[in-house]
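Below is one structure, written out as structure tokens; the observations come after it.
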Amino acid sequence: MGPCCALWVVLTLLKGLKGQTPNTPPGITSVLQSFQEDQFQGEWFVVGLAGSTHRKTDRFLLNPFIATFEQNENSRLEVSYAMTRGHRCVTWSYVLVPAARPGRFWVDSREEPEEVQVYDTDYSVFALMLFRRQSGGQSILRVNLLCRMWMIQTQVLDKFVCLVRALGLSDNNIVFPDLTDRSPHLGTC
């Protein structure tokens, strides 16, 4: 091995030992060994968000909202969201195309590719979803905390915060919608 090649190997190893650069999210492996689309389907409440572009000061922009997952005939997950803003109902949707690994998907879109991973779920109480994409040369990272009810169990909150921190994000990147006036029996729109 020549001196230039050896230097390159050493520098590469040092960078790997040092960790990821701030623009590259650390490699996080899902805790799921398998993924059951049929159990994941249905209504989820988005009770926490974290991301490289989120700040606690953005909380006033976030109202509680619902995500609904339905498997279609092509084994893809159709995702629709609904949020109330004032007296208006805001909705948006997309389709998740399964990837090779369990719980991993790509957003079916003509825009920049986005990887979606169901990082952890018990299907009946919570799910942690991880979203990654590139935009204008910047890595965008987002974590959604989904629950089947408008409440967060302490151990689920701990999992969410641990994942956010493991991804190199801070507590300032975590946003929770204001659920104080939320009745567990009320839907959104």
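No lab work stands behind these numbers, since they all come straight from the coordinates. Please read all numbers here as calculations on a predicted model, not as lab measurements. With ideal geometry, Cβ positions are generated from the backbone for all residues, glycine too; neighbour counts draw on all protein chains shown.
At a temperature of 20 °C and a viscosity of 1.002 mPa s, determine how fast the stretch 35-175 diffuses translationally according to Stokes-Einstein, using the Kirkwood radius over alpha-carbon pairs as Rh; express D in µm²/s, rounded to the nearest whole number.
137 µm²/s
Taking amide H atoms as placed 1.01 Å from N in the peptide plane, list the residues 5 or more away in sequence, or in a different chain, whose amide H sits under 5 Å from that of Ile140.
Sorted by chain and number, the residues that satisfy this are Arg133, Gln134, Ser135.
Amide H neighbours of Asp120 under 5 Å, counting only residues 5+ apart in sequence or on other chains, H built in-plane at 1.01 Å?
Distant-sequence amide H within range of Asp120: Leu128.
What's the FRET efficiency of Gln71 with Gln33 using the Cβ-Cβ distance as r and R₀ = 25 Å, to the nearest 0.05?
Once the sixth-power term is evaluated, E becomes 0.80.
Please give, to one decimal in nm, the separation of the simple spin-label points placed at Ser93 and Phe60, each 7 Å out from Cα toward the Cβ.
Roughly 3.3 nm, to one decimal.
Which length gain, in nm to one decimal place, applies between Val125 and Thr154 when the Cα-Cα distance is subtracted from 0.36 nm times their residue separation?
My answer for the length gained is 9.2 nm.
Through the Karplus equation 6.51 cos²θ - 1.76 cosθ + 1.60, θ set to phi - 60°, convert the phi angles of the stretch 120-130 into ³J(HN,Hα) values in whole Hz; use x for Gly and Pro.
These are the phi-based 3J(HN,Hα) values: 7, 6, 10, 6, 10, 10, 9, 8, 10, 10, 10 Hz.
If you take every residue apart from Arg148 with its C-beta less than 12 Å away from the C-beta of Arg148, what net charge results, scoring Lys and Arg +1 and Asp and Glu -1?
Charge balance near Arg148 sits at -2.
Using only C-alpha atoms and all pairs of different ones, pull out the Kirkwood radius for the stretch 61-126 in Å with one decimal.
Roughly 13.5 Å, rounded to one decimal.
With Cβ to Cβ distances under 11 Å as the rule, what net charge do the other residues near Phe69 carry (K, R +1; D, E -1)?
Residues near Phe69 contribute -4 overall.
What number, in percent, do you get for the relative contact order of the stretch 35-175 if the mean sequence gap of Cα pairs under 8 Å and at least 6 apart is divided by its residue count?
28 percent
Explain nothing, just compute: Karplus ³J(HN,Hα) = 6.51 cos²θ - 1.76 cosθ + 1.60, θ = phi - 60°, for every residue of the stretch 132-148 in order, whole Hz, x for Gly and Pro.
9, 7, 10, 9, x, x, 10, 7, 9, 10, 9, 10, 10, 9, 10, 9, 7
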